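What follows is one structure encoded as C-alpha cells, with my remarks underneath.
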Amino acid sequence: MHPADKEYAHYSAIHKQYSRIDYIFIQQNQLTSIQKVEIESAAWSDHGPVTLRMDSPRVRPTSWTWRLQDSLLLDLSVRERVSEDLTCIETTDDQTVTTIWEAHKSVLRGTLMHLASKKKNESQRQMRELMVCINALETQHKLSQLEETYKELLEARRSLLMHITAPYYNSLQHPKAFFYQHVNKGGKLLARMLRGPQGMTQVHKLRTTDGMVTQFPDRIALEIHSFYSSLYSIPQPTLPEERADTR
C-alpha cells in the first residue's frame, strides 16, 4: 500500500541507527480485506507501532452508554459550573420533589456531558499537535542525527505518553470502586470469585477401593473417611508388663 514510502519501526540509541524489524504476517487470501497499514510514531517505546486495519464481517457496532467520569469532579472549574447550573433552575410550589430531582439530574447530565466532550476534544487536539511535532522531529533526526533533536523527540514522546495513559488511569478507578461497594456482600461478585476455587477443590468423582468410579457425594465422603481412617490408624505400642503376661 506504500510502495514509494520508506519508514522505520525502531531506532537504536546505542548504535544510533534506524531499522525495520517489526512485521505483521497475514495470509494471502486476506490481502483484499486490508484497509490501512502504517508505521506510527514511537510514543512510549523505542519501537514504533505497526498498525493494520482490516474489514471483518464479525465486527458489530455496539451501543454507547454514558457514564459519569469521576475525574471531572476533581476539576474546580467543573464543580463551579455544576453549582452555577443548579442554582439557575427555577422551581414552583406546585412541583413535586420527584419532578425537581429529575429536572436537576437532566441538567447535571447535560452539563457533565458537555464538559467531558470539551475536555476530550481538547486532549485529542493536543495529541494531534504532539503527533505532528513527533513526526517532524523524527524526520529531522533521521536526516541530521543530532543529539539535541533526539532530546526534543524524547520530551515530545513523554508528553504524548501522559495523554495516552490518562484514560487508562481513570478506567482503573471503576473496578476499585466496584469492589469497594460490594465488599462483604453476598452477590454475583462473590459467587464469581468463589466459583474458581470451588471448582479446583471440589471432588466430582472418585475411584473406590473396588475399582469402580462413583459420582455420588455420600459414597465419595465414605471413601475419603475410610482412607484417612486407615491412614492414621496407628497400632498402640505394647507395654513391657503386657509382654511379660503373654509369656
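The values are calculated or read from the model by the stated rules, or taken from the named source; none is laboratory data. None of these values were measured; they are calculated from a predicted model. All Cβ positions, glycine included, derive from the backbone under ideal geometry; neighbour counts span all protein chains shown.
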Tally up the residues in region 35-81 that are of a type in the set (A, V, I, L, M, F, W, C), farther than 30 Å from A13 by Cβ, at pLDDT below 85 and surrounded by 10 or more Cβ atoms within 10 Å (Cβ to Cβ), please. 3
Condition first: in a loop (DSSP other than H, G, I, E, B), in contact with a Lys or Arg (Cβ under 6 Å, 6 or more places away or on another chain) and not basic (K, R). Can you find one or more residues in region 39-51 that meet it? yes
Select from region 52-78 the residues that are of a type outside the set (D, E), in contact (Cβ under 8 Å) with a residue 12 or more places away in the chain and not in a loop (DSSP other than H, G, I, E, B) and list them in ascending order. L52, R53, M54, S71, L72, V78
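Rundown of residues vs (1) modelled with pLDDT under 85; (2) under 29 Å from the mean Cα position of the chain (by Cα); (3) surrounded by 10 or more Cβ atoms within 10 Å (Cβ to Cβ); (4) assigned to a loop (DSSP other than H, G, I, E, B), yes/no style:
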{"site": "Q95", "(1), (2), (3), (4)": "yes, no, yes, yes"}
{"site": "H104", "(1), (2), (3), (4)": "yes, no, yes, no"}
{"site": "L108", "(1), (2), (3), (4)": "no, yes, yes, no"}
{"site": "E129", "(1), (2), (3), (4)": "no, yes, yes, no"}
{"site": "T165", "(1), (2), (3), (4)": "yes, yes, yes, no"}
{"site": "N170", "(1), (2), (3), (4)": "yes, yes, yes, no"}
Hey, Q140 hits all of (1) touching a residue at least 40 places away in the same chain (Cβ under 8 Å); (2) within 30 Å of G48 (Cβ to Cβ); (3) in contact with a helix residue (DSSP H, G or I) (Cβ under 6 Å, 6 or more places away or on another chain) but one; which does it fall short on? (1)
Before we move on, is Y150 surrounded by 13 or more Cβ atoms within 10 Å (Cβ to Cβ), modelled with pLDDT under 90 and in a helix (DSSP H, G or I)? yes
Condition check for D85: in contact (Cβ under 8 Å) with a residue 24 or more places away in the chain and of a type outside the set (A, V, I, L, M): yes
